[in-house]
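Any read-out appearing in this document is the output of simple, stated calculations on the displayed coordinates, not a laboratory observation. None of these values were measured; they are calculated from a predicted model. For neighbour counting, all protein chains shown are included, and Cβ atoms are generated from backbone atoms with ideal geometry for every residue, glycine included.
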Amino acid sequence: MQKNGMSNKFLIDGFPRNQENLDGWAQYISKHANLVQVVYLDVSKEVMLERVLKRGVNSGRTDDNPQTFEKRYNVFKEHTMKIIDYFKSKNMVFQISTYGSVEKNYLKLKKGLVV
């Protein structure tokens, strides 16, 4: 990235989601990139569902429905939370309560990012 005049810092959204992703990161990507922080946007299941359903209406996504949400949420709790807990044990997680507006949440995120 630096060879192409790009920043040496970047944000990866939604990865790693499970142990297989984390193992892949450790085996391949960690040789070329230094992970310095994990951002965890925390909110209740009810608020997540409300936001997903709203997104489905606004975007026209047919997969933003209660049944698909429930499946995704269960995968998140079963697999992704284990990864978040792993990074918490290494004191690498910046956790943000995201009950506020998009603007307020963005400011919290911006303030807490390691840059």
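A few notes on this one:
- Angle of helix 66-75 to the longest C-alpha principal axis of the chain, folded into 0 to 90 degrees and rounded to 10: 30°.
- Rounded to 0.05, the FRET efficiency of the LEU109 and ASN21 pair, given R0 = 30 Å and the Cβ-Cβ distance, is 0.85.
- A helix-only calculation puts the chain at -14000 deg cm²/dmol for mean residue ellipticity at 222 nm, using -39500 (n - 2.57) for each DSSP H run of at least four residues, averaged over all residues.
- LYS54 versus VAL93: modelled label distance in nm, points set 7 Å from Cα along the beta carbon direction: 2.5 nm
- Taking the longest Cα principal axis of the chain as reference, the axis of helix 45-59 is set at about 80 degrees.
- Region 69-94 residues near the modelled ASP63 label - backbone nitrogen below 17 Å, point 7 Å along Cα→Cβ: 69-77, 80
- Computed over region 45-107, Kirkwood Rh from alpha-carbon pairs, angstrom: 13.5 Å
- Net length gained if the chain between ILE12 and TYR86 were fully extended (0.36 nm per residue, minus Cα distance): 24.9 nm
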